[in-house]
1. Give me the distance in nm between label points sitting 7 Å out from Cα along the Cα-to-Cβ direction at Ala174 and Arg46, one decimal.
2. If we count other beta carbons within 10 Å of each Cβ, what is the order of Ile98, Ile155, Ile41, fewest first?
3. Pairs of Cα atoms under 8 Å, at least six residues apart: use those to get the relative contact order of the chain, whole percent.
4. Quick one: among Arg154, Arg224, Arg106, which has the greatest mean-square fluctuation in a GNM of the chain with alpha-carbon springs under 10 angstrom?
5. Taking the chain as a Gaussian network, Cα atoms linked when under 10 Å apart, which of Glu111, Glu190, Glu176 shows the biggest mean-square fluctuation?
6. Given a 10 angstrom Cα cut-off, can you work out which residue in Val143, Val208, Val92 is the most mobile in a GNM of the chain?
7. Rounded to the nearest 500, what is the chain's calculated 222 nm mean residue ellipticity when only DSSP H runs of at least 4 contribute -39500 (n - 2.57) each, over all residues?
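Each reported figure results from applying straightforward, stated rules to the coordinates on display, with no laboratory input. Note that this is a predicted model, so its numbers are computed, not measured. As a convention, Cβ positions derive from the backbone with ideal geometry for all residues, glycine included, and neighbour counts pool all protein chains shown.
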Amino acid sequence: MRTGVLLPVFQDDAGPALAAAAAAERAGVDGAFCYDHVWPIGQPHRPALAPFPVLAAVAASTRRLVVGPLVARVGLVPDEVLLSELATLAAVAPGRVIAGLGTGDRMSAGENEAYGLAFPPAAARRASLRACASAAAGWGLPVWIGDGSPATRRIAGAMGVALNLWDAPLATVADEAGRAEVTWAGPAPENLAGMVADLARAGATWAVFAGPLDVAALAAAGRRCAPEAGGGRRR
């Protein structure tokens, strides 16, 4: 089981995110990820750092951490710009980038609207998602598609890429893991080690947690669960 942390980017200072990434690497956590939001959902008065500059800084200041957006939403920038951002990050950190991609939903639509950005119908967003995921996979990047609907899940299955489930029940993880690779992300629970073990048994290949959390305990839990993670599809 590989483990990751979501960096604290809902602020106007990158220092805490870089410090969290450094602590995660020292502890033996496998990856560091960033949200892609203009503001925290439902809190337009709060700041948010853009993910790709933070991820590039993390990649340049660490040696081992895998980095990626969780997830980069199509429609915030043109598809070509999103792909350029991913390609640039991959050039900064060869072999250490995961292309986390998603369509966004009604909860995030206000971020587009506030800046005069179109929020196309779901079918159009899924078409962009498929195109961007196909390009990133063609470059050899591991791709995680953020779960949003049965149609989005079908895209991940048809492409043979990972489905990232946000705070999904263990039964859902086990069900989806029977069809394709599944990664999981969500808030850190009180029993962190138990949750990592449960996710490993359910078939998830990654467990990514939002803080605050004990990164040393997270890394240790991941190592203990490595044999249970099914051996394979480690990314």
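1. In this crude spin-label approximation the distance works out to 3.4 nm.
2. Taking fewest neighbouring Cβ atoms as first place, the list is Ile41, Ile155, Ile98.
3. Numbers: 449 pairs, mean separation 49.8, N = 235.
It rounds to 21 percent for the chain.
4. Highest fluctuation among the options: Arg106.
5. Result: Glu190 has the largest fluctuation of those listed.
6. Result for the chain, Cα springs under 10 Å: Val92 fluctuates most.
7. Numbers: 9 runs with 101 residues, N = 235.
Helix-only estimate at 222 nm: -13000 deg cm²/dmol.
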